[in-house]
1. Report the full-extension gain for the segment Ala48 to Arg61: residue separation times 0.36 nm, less the Cα-Cα distance, to one decimal in nm.
2. For segment 85-162, what Kirkwood radius comes out of the mean inverse Cα-Cα distance, in Å?
3. Which order, highest average first, do 139-146, 76-83 follow once you tally other Cβ atoms within 10 Å for each residue and take the mean per peptide?
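No value in this document is a laboratory result; all are computed from the given coordinates. Worth saying up front: this structure is predicted, and the values here are computed from it rather than measured. Don't worry about glycine lacking a Cβ; one is built from the backbone with ideal geometry, like all the others, and counts go over all protein chains shown.
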Amino acid sequence: MTSHTTPPNRHAKRNSPDVNSLHESPATAPQAREGSERRSLAPSHKQALARGRSEAAIVNRYLLALGTTKRRGRPISKERMTTRVDAAHQQLAASTGLAKLLAAQELRDLEHALSEIRQRDPANLRSLEAAFVRVAARFSVRRGISYGAWREVGVPAAILQRAKIRRGTSQTRSAE
């Protein structure tokens, strides 16, 4: 009888480690490492992460408010829309079957329109603007955002000037 040997895999790299040798040796396994207790982040690091998340949320809310499109046609007051939402609630409570389904959809549509009206409210935009001005410079430096990028997404030049983000200066990332 002849012994049959399998030919070497043509596609395997030479000197590549064996599959079994890819597993960690007992000396480097996580349970065997010295000082393997889980370390928590330093309080200053946690504060920096929280500040970064907060600043990103402020920037995002402001940019979303800038990006809301203005409705065409006759403007609807917030009071009128609130009245229509209340009427839709009553219609939903009194309806059955298909009429209830249609009333539920109308109520959702009206509530969405009311939230858009609130978002476009000039007082709301002013408060978002003020918060944006407070954090924009730090955010720009940390994330490497230039003046031109802010302008490209619609942030007015006057707001960038108030935020102390200057034209022609590229914001460079700093090691905080």
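1. Values: separation 13, 0.36 × 13 = 4.68 nm, distance 2.00 nm.
2.7 nm is the gain from fully extending Ala48 to Arg61.
2. Values: mean 1/r = 0.0636 Å⁻¹.
Across segment 85-162, the inverse of the average 1/r is 15.7 Å.
3. On the way: 139-146: 17.2, 76-83: 12.0.
Final packing ranking: 139-146, 76-83.
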